[in-house]
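First up is the structure itself, then whatever we jot down about it.
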Amino acid sequence: MESSSSRKIDLKREQASSYPLSSSPALHELTRPAASGLVPLRADSPRKEEPLGRRERERLFRRREILLVAKRLFASQGFAGTTLDEVARLTEFSKPTLYQYFRNKEHLYHTILEEGLIDLAGIMDKEFRAERSMSDNLRAIVVLLLIYYRKNTDFFFILRQFRDRNHLNQPSDSQLGILDARQDFEDKLSSIIARGSRRGEFIPCDPEQVARILVEAIGVYTIAFLRKEEMRSAREMADEIFRLFMHGILHR
């Protein structure tokens, strides 16, 4: 178990799991630090980094600061409780500066969700394509989600807020994009479950319903994982999720 004196993720420990996460390309991508002042790499981009000019670095710095402050506010206060005045005050940028980057509060909120989902999709796609058993694929995905949400706590809470507040009859184009991205993730999970059923690894089931249940279980365990007093690693929590998910709570 992890010591209570350190809440930093022990990545070597996570990689030394009993299933083949140590060779996970997504874990390497998730934990690779970004290079300062360089163009971020997409998962599918060639490994070439081009230095940015001073003005572009300053522009990216301001945009990043706005997004970081807004994430904290949206996560802790919700969409309705957050104002652009407060974002401007905490970033020490003027409101006209904010409007150079984001049209309004909703645009800022949706940008956080869209960019977080794109980042998450790039990491998860590596695992969805991995050549492993379907049960090992599900285990690896659960571990990576727990680690990702712990590294991106504000995004996790904003994503849950969006889910809870957006049962819309006529969502906007940006809201549709976010909803589609979430659905795409669940569809990929359900495809793994369906393939596992066809191969005989899993019992026959409704893969879409089971995928939704798994996503909710990961959310519940993520909240526990974020507590300061939580002593289990991501792998240990993933093992518990998987054990409950696959075998239930009955003695066999």
Practice problem: Among the candidates Leu159, Leu90, Leu120, single out the residue that is closer than 30 Å to Phe202 by Cβ, modelled with pLDDT of 90 or more and of a type outside the set (Gly, Ala, Ser). | Solution: Leu159
Quiz prompt | Total residues in the stretch 231-247, condition surrounded by fewer than 16 Cβ atoms within 10 Å (Cβ to Cβ) and either of a type in the set (Lys, Arg) or out of contact with any Asp or Glu (no Cβ under 7 Å at 6 or more places or on another chain) (or both) | solution = 5
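Being closer than 21 Å to Gly177 by Cβ and crowded, with 16+ Cβ neighbours inside 10 Å is true for just one of Ile141, Ile147, Ile66. Which residue is that?
On the way: Ile141 fails: closer than 21 Å to Gly177 by Cβ; Ile147 fails: closer than 21 Å to Gly177 by Cβ.
Of Ile141, Ile147, Ile66, the one residue that is closer than 21 Å to Gly177 by Cβ and crowded, with 16+ Cβ neighbours inside 10 Å is Ile66.
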Quiz item: Do you know which of the residues in the stretch 83-132 that are among the hydroxyl-bearing types (Ser, Thr, Tyr) and closer than 23 Å to Arg150 by Cβ is surrounded by the fewest Cβ atoms within 10 Å (Cβ to Cβ)?
Solution: Thr111
Practice problem: Pick out, from the stretch 141-252, the helices (runs of 4 or more DSSP H) lying fully within it that include 2 or more residues that are under 21 Å from Tyr109 (Cα atoms) and out of contact with any helix residue (DSSP H, G or I) (no Cβ under 7 Å at 6 or more places or on another chain). | Solution: 153-165, 173-199
Self-check item: Scope the stretch 67-107; condition part of a helix (DSSP H, G or I) and among the basic types (Lys, Arg); matching residues
Solution: Lys71, Arg72, Arg89, Lys95, Lys105
Self-check item: One residue from Glu127, Glu114 being under 30 Å from Phe79 (Cβ atoms) and either touching a Cys at 6+ places or on another chain (Cβ under 8 Å) or outside any loop (DSSP other than H, G, I, E, B) (or both)
Solution: Glu114
Exercise. Pairs only if they're at least six apart or on different chains, beta carbon under 9 angstrom, first in the stretch 206-226 and farther than 14 Å from Arg182 by Cα and without any contact (Cβ under 8 Å) to a residue 24 or more places away in the chain, second hydroxyl-bearing (Ser, Thr, Tyr) and not in a loop (DSSP other than H, G, I, E, B); list them, first residue then second.
Key: Asp206/Ser190; Pro207/Ser190; Pro207/Ser191; Pro207/Ser197; Gln209/Ser190; Val210/Ser190
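Under 24 Å from Ser233 (Cβ atoms) and free of Cβ contacts under 8 Å to residues at least 60 places away in the same chain, is that true of Arg160? Steps first, answer last, please.
Working: under 24 Å from Ser233 (Cβ atoms): yes; free of Cβ contacts under 8 Å to residues at least 60 places away in the same chain: yes.
Judged against the criteria, Arg160 is a match.
The values are calculated or read from the model by the stated rules, or taken from the named source; none is laboratory data. Bear in mind the structure is a predicted one, so any value in this text is a computation, not a measurement. Using ideal geometry, Cβ is built from the backbone for each residue, glycine included, and neighbour counts are taken over all protein chains shown.
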